[in-house]
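See below for the structure under consideration.
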Amino acid sequence: MSIGTLKLKQAVRLLSFGTALFVISLAGVSQARAAGAADLFKQGVEALNTGDYPGAITPLKDIVDHYPTEVIYPDAMLALGQAQLAVGEIDNALQNFTKVATTPAYPGDLREMGSYYIGQALFSKGARQTVKADRDKALLQAGEAFGKYLKDYPPAAGDNPTGIFRQEAHYYRMQALYFGGDNAGADKEAATLIAEYPNSEEKGEYYLWSGKIAAASARAVIMKDLTKIDVPLVQQFVAKAFDAFSHVQASPSLAALSNDAQTEIGALEMDYAEVFQGPANKAARSAEFDKAIAAFVKVLPKERILPLEEKNLAEIAGKIRDAALSGNKALYRSLLDRRQRQQAVIDEIKKSPDPAVSAGLRIGEAYVRTDRQNEARTVLRFYGPLAASEEDRKKAGYLTVLTYTLQKNVAKADEALQKQIADFATDPNSKNLRYFIAQTLRQQEEFPAAVEQYKRYIQDAPDGRYYDPAVAELAETMITLKQEAAVVPVLTDFLKKKPASPEAPRAHFLLGRALAAQGKPTEAVAEFRIVLLNAAAEARLRTDSAVQSAAALSQAGSFDLVIALSDEFVPKNISPLASAALLYYKGAAQAQKKYVPGAIAAFEQVLKDYPKEPYAIYAGQQAVQLRISQNELDQALAIAQLLREAAPDSPQAAGAAMVIGQVYEKRADYEKAAATYAPAAAGATPIAPVADAQLAAMWLTAAKALGVYTALGEEDKKLWTQRTDAATAAALDAVNRFPTARAAGRALEGLVAVTILKIDAGVFTLDAGTGFFADQAAKAAAPAKGRYELARAAVIMRRGKAEEAFPLYQKAYADAAILWTPEDLERFGELLLAGKQWETAVAVFTKLKASYTGQGEDRAQAAAAYGLGAAKLGAGDSAAADTFFGELEKNYPWSEKIWEAKLGRGRAAAGRGDQDKAQDYFKQIIMAGASTPEIKAQALLGFAQALEAQGKLFPDAKGDLPNAVNNYKKIDAFYESVPSVAAEGLWRAGQLYEKAGRNAEARDAYALLVKKYKQSSFFAQADERLKALPAAPAK
């Protein structure tokens, strides 16, 4: 309902109260002490009741001006205010109502009516304002006035009843607050009307308003920030609105209201569709638009509504006659009010556009928004000519142009656009239609089409009203499309031509963004500085320029310039957000420069001076970590507490609790750490499984810190048990409540570690340990069930029973629904490598690589790179193996698999025939102190094999030539602790000797193998060759 509609209804309602005033006051007139005043009063009131407001003002003003001592004086002043209000003399009316309401000597019923009419006058004043700020202010003042009336005049019966206008006061206070922008206050009034007047004839209207208010609240949340919509809050308001609309029954007595409700439902569905942003939500978005279409289809035309409402009016007129004959004044007054408002409804229907036509245009718009352009044009062709208002006809034409544009039918779009311009030649906005089309396309994320329309508008209308914003919006859209290189000349040319344009600051900012995206931080910052130094530029632009400047310089590694920028502009107080951002980047720059005190100071200043800005949370986290790195644990605790206070209900606050817990944990103050972790673990936020996993890991560490279980005293054994039980409970909580969370996987690994610890301590047998996980799996539902089954396999494998674990992993891998931890995938992959099942191993390690990406998953990525390299090498794909091993070396040099990767790269090079490259890798391993004896032994074996492949079999005459046979024998000499490799070295040496006819030396190699490595797979072969070779000659 529009403000204009409200003005009409309000004016009509005044007439009914004028009638009430007449009924109340004539008794006083019969006893008037001045016949002249009485006659004037009667004349004024009769004119008021017949709608002759100017005729009422003259006699009533005569009384007010010339009969101040008469008893009728306050009645006349109130009636004069009513007449003045009806003709728009708001200030005069307000003055009279105020005097009546605030004069203690006047009768109480008149003071009450004066108080009520103060709200009416302020409401009318607000409704007549053309400037939104002025309108909102006056309407909110009206709301306050009605609120004062409701407070001052509670309902009271008896000889002097009060509160007789409370229902009306609640009603108009609701509307005043609604149109003044106070949805929450308006909603309270609607709820009061519904609750306190359940049998009111106007209950349907109250429900309609309750729905409208909830819908407005939903729209306010949606439009606050389309990029970060609070969807649950929107859904809450939408559900409330639909519930309210459902109470507006589709009955003849509520025909117009029901139609209004149907229109509101359709409009709300259209707005609710905005919640579903992006391609991923396209289906949900279309579904909401379809619901809107279904609602608009049910809207009835005025030709069907009008007869029903006229019938209602006739019925009310009959009831008025009955009430007059019965002498029921209260009912008579109420029915008069209803008749006037019913007449207002009919008048409004007659003069307003046909609601079915308006609904039809919204259906066309919904088709456009869901990319059903042909259907849209069909609807628009039907309803467009029926539109009564020029605004609706323009809308139909505009949407038609848009349908062709979205279908990329340029010729038809231009034809429709030219027709639109011709049809509305006097409309100054016609030539700007292309600009509006570009805006619409941009809002619908049709960015390439929007760019084309912006360009055409700029070309066709160089003097157009929207030329400057079109250039800026074109640049923004091109930046969205990553067309920064093309943006630079557009903005450079614009700024050259129009340096003083109101859009110049925005253009400089966008030019800075484009330059920064092209890796030109110095030029970018120069543009941002122009905005920063322009005090007249929008605060948002200056803030964004500060942030972008610091980000560009940081990305370029210009840390000294970041610090200088912060020092220059933080004192200028551009905005709290700008200062917080600049200080944050300053802290990050100081950290990069390894100046920890400076970094801490900057980060802590953000948290202390700007605790409500988004950078405060991240600055606080950085400060805590830096304090911990400096072993300043008390200071870290203090900052973490500030961090929690800055955002008590945020995930970051829970993160701060985790940081505090880690500080206590580092001090081995496990009880305090647990008390800090516990609230976060008990919640239902994403941090809960993380806290559980941390608790499990901490109690495991705490148990280990006590020492070897078997060596503990009885009290320490009890404490050890308490701690391992606490670790178990925390891990189980994470897995059972959050089975799909990444942290649940970490908790499960902790649970496996606790179980292994108990087995090592003798508290559990292996069967008891595996049985524990079998019991958990039996009690749990998927996906936790599968996770426990994998944990059982992990325990078996970690106890050295790979052959038992392997079928369990195979069974789990066949079930696609089971969630794997990265450690589980790595263990299964290792079993597959050992079994030379290369193809399946590649699939498992590929899954590991794809499933665990991003921050904190480096270990999983390193394991995947090694596993893929090893599987590819085993399958004979040396090139692919080298690629994966190289990835591990480059990105994860800290990995425990790094020397195995180098070994693999050596083998891959040998497999490609590059023996020199292979020898280089093998030498690196042999010479490295960090590699294990087993890896060194394998590398020495590979080194010898590479020499053999080059034909370098034996020493030269001087014994200087690197040769295969000596290196094979060195494995036994240096790495007899790796028997399988040492035995292979002796076997290969014996083979080389035997093939060269050097049987005695071959016998020596075989004999040593048989003597030292009886468990070797080469033992039988060596023993056979030893027996087959001729015996050594007797010395």
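The values are calculated or read from the model by the stated rules, or taken from the named source; none is laboratory data. Everything quoted here is computed from the prediction, not taken from an experiment. Cβ placement follows ideal geometry from the backbone for every residue including glycine, while neighbour counts extend to all protein chains displayed.
So that you can scan it fast, the table gives a plain yes or no per residue for (1) surrounded by 17 or more Cβ atoms within 10 Å (Cβ to Cβ); (2) outside any helix (DSSP H, G or I); (3) among the aromatic types (Phe, Trp, Tyr); (4) in contact with an Asp or Glu (Cβ under 9 Å, 6 or more places away or on another chain):
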| site | (1), (2), (3), (4) |
| --- | --- |
| Asp337 | yes, no, no, yes |
| Ala344 | yes, no, no, no |
| Ser358 | yes, no, no, yes |
| Leu361 | yes, no, no, yes |
| Gly364 | yes, no, no, yes |
| Pro385 | no, no, no, no |
| Ala388 | no, yes, no, yes |
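If you check Gly951, Gly985 for being within 22 Å of Asp916 (Cβ to Cβ) and in contact (Cβ under 8 Å) with a residue 24 or more places away in the chain, only one passes: Gly985. Going by the structure shown, is Val401 without any contact (Cβ under 8 Å) to a residue 24 or more places away in the chain, assigned to a helix (DSSP H, G or I) and buried (at least 22 other Cβ atoms within 10 Å of the Cβ)? The answer is no for Val401.
Specify which of the listed residues (Asp243, Asp260, Asp290, Asp271) is over 30 Å from Glu446 (Cα atoms), within 36 Å of the chain's Cα centre (by Cα), surrounded by fewer than 20 Cβ atoms within 10 Å (Cβ to Cβ) and modelled with pLDDT of 85 or more. So that I can check it myself, show each step before the final result.
Numbers: Asp260 fails: surrounded by fewer than 20 Cβ atoms within 10 Å (Cβ to Cβ); Asp290 fails: over 30 Å from Glu446 (Cα atoms); Asp271 fails: over 30 Å from Glu446 (Cα atoms).
Going through Asp243, Asp260, Asp290, Asp271 in turn, just one is over 30 Å from Glu446 (Cα atoms), within 36 Å of the chain's Cα centre (by Cα), surrounded by fewer than 20 Cβ atoms within 10 Å (Cβ to Cβ) and modelled with pLDDT of 85 or more: Asp243.
Per the listing Leu561, Leu565, Leu583, the residue uniquely buried (at least 20 other Cβ atoms within 10 Å of the Cβ) and without any contact (Cβ under 8 Å) to a residue 40 or more places away in the chain is Leu583. Scanning segment 37-78 for residues that are crowded, with 21+ Cβ neighbours inside 10 Å, aromatic (Phe, Trp, Tyr) and in a loop (DSSP other than H, G, I, E, B) yields no hits at all.
Here's the yes/no breakdown for (1) surrounded by fewer than 20 Cβ atoms within 10 Å (Cβ to Cβ); (2) more than 15 Å from Glu503 (Cβ to Cβ):
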position	(1), (2)
Phe424	yes, yes
Glu445	yes, yes
Asp460	yes, yes
Gly464	yes, no
Ala470	no, no
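No other residue among Gly913, Gly904 is of a type in the set (Gly, Ala, Ser) and in contact with a Leu (Cβ under 6 Å, 6 or more places away or on another chain) apart from Gly904.
Just the residues that are more than 22 Å from Arg859 (Cα to Cα) and in contact with a Lys or Arg (Cβ under 8 Å, 6 or more places away or on another chain), please, taken from segment 800-825. First the steps, then the outcome.
At the first step, the residues of segment 800-825 found to be more than 22 Å from Arg859 (Cα to Cα) are 800-808, 810-812, 814-817.
Listed by number, the residues that qualify are Ala805, Leu808.
Yes or no: Asp972 at pLDDT below 90 and not hydroxyl-bearing (Ser, Thr, Tyr)? No; evaluated as a whole, the condition is false for this residue. Quick one: in segment 906-945, of everything that is aliphatic (A, V, I, L, M) and within 17 Å of Gly876 (Cα to Cα), which residue is nearest to the chain's Cα centre (by Cα)? Selected residue: Ala908.
Looking at segment 118-156 only, could you name the residues that are among the hydroxyl-bearing types (Ser, Thr, Tyr) and in contact (Cβ under 8 Å) with a residue 40 or more places away in the chain?
Restricting attention to segment 118-156, the residues satisfying the condition of being among the hydroxyl-bearing types (Ser, Thr, Tyr) are 124, 130, 149, 153.
Those that are among the hydroxyl-bearing types (Ser, Thr, Tyr) and in contact (Cβ under 8 Å) with a residue 40 or more places away in the chain: Ser124, Tyr153.
Of all residues in segment 646-653, one or more are in contact with a Lys or Arg (Cβ under 9 Å, 6 or more places away or on another chain), at negative phi, part of a loop (DSSP other than H, G, I, E, B) and buried (at least 18 other Cβ atoms within 10 Å of the Cβ). Among the candidates Leu441, Leu474, Leu491, Leu417, the residue that is under 19 Å from Ala537 (Cα atoms) and part of a helix (DSSP H, G or I) is uniquely Leu491. Figure legend. Inter-residue proximity from segment 313-324: first residues farther than 12 Å from Arg339 by Cα, second residues assigned to a helix (DSSP H, G or I), beta-carbon distance below 7 Å, spacing 6+ or different chains. Indicated pairs: Ala323/Leu331; Ala323/Tyr332; Ala323/Leu335; Ala324/Tyr332.
Please find, among Leu78, Leu94, Leu85, Leu110, the residue that is under 22 Å from Tyr153 (Cβ atoms), among the aliphatic types (A, V, I, L, M) and touching a Ser or Thr at 6+ places or on another chain (Cβ under 8 Å).
On the way: Leu78 fails: touching a Ser or Thr at 6+ places or on another chain (Cβ under 8 Å); Leu94 fails: touching a Ser or Thr at 6+ places or on another chain (Cβ under 8 Å); Leu110 fails: touching a Ser or Thr at 6+ places or on another chain (Cβ under 8 Å).
Criteria check complete, one pass: Leu85.
Being under 24 Å from Glu89 (Cβ atoms), in the same structural domain as Ser115 (by TED's automatic domain parsing) and of a type outside the set (Gly, Ala, Ser), is that true of even one residue in segment 156-174? No, segment 156-174 contains no residue that is under 24 Å from Glu89 (Cβ atoms), in the same structural domain as Ser115 (by TED's automatic domain parsing) and of a type outside the set (Gly, Ala, Ser).
Taking into account only those residues within segment 429-443 that are modelled with pLDDT of 80 or more and not hydrophobic (A, V, I, L, M, F, W, C), which is nearest to Phe276 (Cα to Cα)? Before you say what the answer is, go through the steps one by one.
First pass over segment 429-443, keeping only residues modelled with pLDDT of 80 or more: 432-443.
From what is left, the residues that are not hydrophobic (A, V, I, L, M, F, W, C) are 432, 434-435, 439-440, 442-443.
Numbers: Asn432: 30, Arg434: 27, Tyr435: 26, Gln439: 19, Thr440: 17, Arg442: 16, Gln443: 13 Å.
Checked segment 429-443; the qualifying residue nearest to Phe276 (Cα to Cα) is Gln443.
Please find, within segment 828-877, the residue that is surrounded by the most Cβ atoms within 10 Å (Cβ to Cβ) out of those that are over 17 Å from Ile898 (Cβ atoms) and of a type in the set (Ser, Thr, Tyr). For segment 828-877, the residue satisfying everything is Tyr852. Which residue pairs have Cβ atoms closer than 7 Å, lie 6 or more positions apart in sequence or on different chains, and pair a first residue in segment 289-308 that is under 13 Å from Asp260 (Cα atoms) with a second residue that is crowded, with 17+ Cβ neighbours inside 10 Å and acidic (Asp, Glu)? Short answer, once both residue conditions are applied: Ala295/Glu269; Pro301/Asp354; Lys302/Asp354.
Does Lys408 count as surrounded by fewer than 19 Cβ atoms within 10 Å (Cβ to Cβ) and part of a loop (DSSP other than H, G, I, E, B)?
On the way: surrounded by fewer than 19 Cβ atoms within 10 Å (Cβ to Cβ): yes; part of a loop (DSSP other than H, G, I, E, B): yes.
Criteria met by Lys408.
Before we move on, is Ala982 buried (at least 24 other Cβ atoms within 10 Å of the Cβ) and outside the structural domain of Phe884 (by TED's automatic domain parsing)? In short, yes.
Identify, from the list Ala32, Ala20, the residue that is modelled with pLDDT under 90 and in a loop (DSSP other than H, G, I, E, B).
Ala32
For segment 334-355, give me the residue count where each residue is polar (S, T, N, Q) and in contact with a Leu (Cβ under 9 Å, 6 or more places away or on another chain).
Start the filter on segment 334-355 by keeping residues that are polar (S, T, N, Q), which leaves 334, 340, 342-343, 352.
Those left that are additionally in contact with a Leu (Cβ under 9 Å, 6 or more places away or on another chain): 340, 342-343.
Qualifying residue count, segment 334-355: 3.
Is at least one residue of segment 71-88 of a type in the set (Ser, Thr, Tyr) and more than 24 Å from Arg166 (Cα to Cα)? There is at least one residue in segment 71-88 that is of a type in the set (Ser, Thr, Tyr) and more than 24 Å from Arg166 (Cα to Cα). Checking each residue in segment 806-861 for being among the basic types (Lys, Arg) and farther than 18 Å from Ala881 by Cα picks out Lys811, Arg827, Arg859. Inspect all residues belonging to segment 955-962 and state whether any of them is out of contact with any strand residue (DSSP E or B) (no Cβ under 8 Å at 6 or more places or on another chain) and either of a type in the set (Phe, Trp, Tyr) or in a helix (DSSP H, G or I) (or both). Within segment 955-962, none of the residues are out of contact with any strand residue (DSSP E or B) (no Cβ under 8 Å at 6 or more places or on another chain) and either of a type in the set (Phe, Trp, Tyr) or in a helix (DSSP H, G or I) (or both). In the set Ala169, Ala184, only one residue is surrounded by fewer than 18 Cβ atoms within 10 Å (Cβ to Cβ) and either closer than 20 Å to Gly126 by Cα or not small (Gly, Ala, Ser) (or both); that residue is Ala184. The conditions are (1) outside any helix (DSSP H, G or I); (2) surrounded by fewer than 18 Cβ atoms within 10 Å (Cβ to Cβ), and Ile574 fails exactly one of them. Which is it? Of everything listed in (1) outside any helix (DSSP H, G or I); (2) surrounded by fewer than 18 Cβ atoms within 10 Å (Cβ to Cβ), Ile574 misses just condition (2).
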